[in-house]
Amino acid sequence: MKPLIGISCCNRDVGGENAQTVKDRYVKSVIEYADCLAVLIPAITTGFEAKTLAGKLDGLMLTGSTSNIYTRFYDPDTPAGEGPFDVDRDGVSFAMIEAMIDAQKPVFGICRGFQEINVALGGTLRRDLGPKHHAPDTATFNDMFEFGHDVTLIDGGFFEEQLGGNLWVNSVHFQGVARLADGLTMEAVAPDGIVEAFSANLGGSQVVAVQWHPEWRPADYPDRQSFFQWLGQAARGEAVV
């Protein structure tokens with residue numbers, strides 16, 4: 001059987017009522033490039049049992065989102081800051097990260113998911129990146145995902161070994177890593193020093209996460225396909241990091 005990957009959802013207003021949502025491009029990338037089955041994990045804390053769910057999954061992928069992690073989860077002494085927030089997603093994601101790591105199963109993250117892993121493991125975020133990492137408000141939806149910059153892959157790291165020395169990545173975020181959590185290894189850095197990717201092997205749980213969006217037009221970018229291929233390999237029990 002193909003491995004089963006849990007994919008995180010977000011809370012969204014749809015037609016005046018709450019709905020669980022995830023963009024098709026995340027799901028299709030897992031199916032096509034990881035060659036895995038996909039199941040959606042609702043961002044609902046009521047009746048939620050992370051340990052039970054983790055026992056049924058072969059891997060976890062945390063998606064990007066327009067919402068931000070609630071500030072007080074990583075900086076309890078400051079005001080909440082700018083939303084929108086999705087605290088139920090925060091709760092589900094943090095619990096799933098812990099349960100999957102305890103179960104020695106892979107955890108992969110994209111954008112918000114990248115930030116969730118860092119916060120769940122004790123890292124912090126910064127909220128002052130401004131326009132350097134996001135297209136202008138006047139950009140179209142497609143142009144927003146074509147905005148980006150080069151990243152430098154860390155010498156001797158997993159990404160550098162697999163992909164080479166540098167990459168161009170899209171950039172669709174206003175927040176980023178302030179302090180990288182203990183146990184995470186930086187894999188890529190933006191020209192202004194912002195961490196763009198990290199990896200870890202935490203007691204057998206393989207962790208890989210990127211701040212950019214590899215699920216956007218992966219057919220045109222082999223390096224974006226690689227992210228999901230690694231997920232598939234890790235879900236099959238193969239060593240990735």
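The values are calculated or read from the model by the stated rules, or taken from the named source; none is laboratory data. This structure is a prediction, so every number in the text was calculated from the model and none was measured. Cβ coordinates were reconstructed from backbone atoms using ideal geometry, including for glycine residues, and neighbour counts include every protein chain displayed. Note: areas computed on protein heavy atoms with side chains; ligands, DNA, RNA excluded. Shrake-Rupley method; radii C 1.70, N 1.55, O 1.52, S 1.80 Å.
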_Criterion: crowded, with 20+ Cβ neighbours inside 10 Å and more than 30 Å from ASP77 (Cβ to Cβ) - qualifying residue of LEU153, LEU184_ = LEU153
*Flag for TYR33 being touching a residue at least 60 places away in the same chain (Cβ under 8 Å) and out of contact with any helix residue (DSSP H, G or I) (no Cβ under 8 Å at 6 or more places or on another chain)*: no
*Tell me which residues, restricted to the stretch 196-225, are within 14 Å of the chain's Cα centre (by Cα) and farther than 14 Å from PRO106 by Cα.*
GLU196, ALA197, VAL210, GLN211, TRP212, HIS213, PRO214, GLU215, TRP216, ARG224
*Which members of the stretch 95-120 meet the condition of being under 17 Å from the mean Cα position of the chain (by Cα) and surrounded by fewer than 18 Cβ atoms within 10 Å (Cβ to Cβ)?*
GLU98
*Could you tell me whether ARG179 is farther than 25 Å from ARG25 by Cα and among the charged types (D, E, K, R)?*
yes
_Output for the stretch 36-79, where each listed residue is within 18 Å of the chain's Cα centre (by Cα), open to solvent by 30 Å² or more (accessible area, probe 1.4 Å) and hydrophobic (A, V, I, L, M, F, W, C)_ = ALA38, VAL39, LEU40, PHE73
*Candidate set: the stretch 121-139, residues that are touching a residue at least 60 places away in the same chain (Cβ under 8 Å) and open to solvent by 30 Å² or more (accessible area, probe 1.4 Å); chosen: the one nearest to LYS56 (Cα to Cα)*: LEU121
_Quick check on this structure: which one of ASN142, ASN118 is within 24 Å of PRO222 (Cα to Cα) and of a type outside the set (A, V, I, L, M, F, W, C)?_
ASN142
*Wholly enclosed strands (runs of 3 or more DSSP E) of the stretch 90-194 bearing at least 1 residues of a type in the set (A, V, I, L, M, F, W, C) and within 23 Å of ALA54 (Cα to Cα)*: 107-110
_Go through the stretch 156-181 and report how many residues are open to solvent by 80 Å² or more (accessible area, probe 1.4 Å), among the polar types (S, T, N, Q) and either within 22 Å of GLN206 (Cα to Cα) or in contact (Cβ under 8 Å) with a residue 24 or more places away in the chain (or both)._
1
*Hey, could you check the stretch 80-89 for residues that are part of a loop (DSSP other than H, G, I, E, B), without any contact (Cβ under 8 Å) to a residue 24 or more places away in the chain and closer than 25 Å to HIS213 by Cα and say which is most open to solvent (accessible area, probe 1.4 Å)?*
PRO84
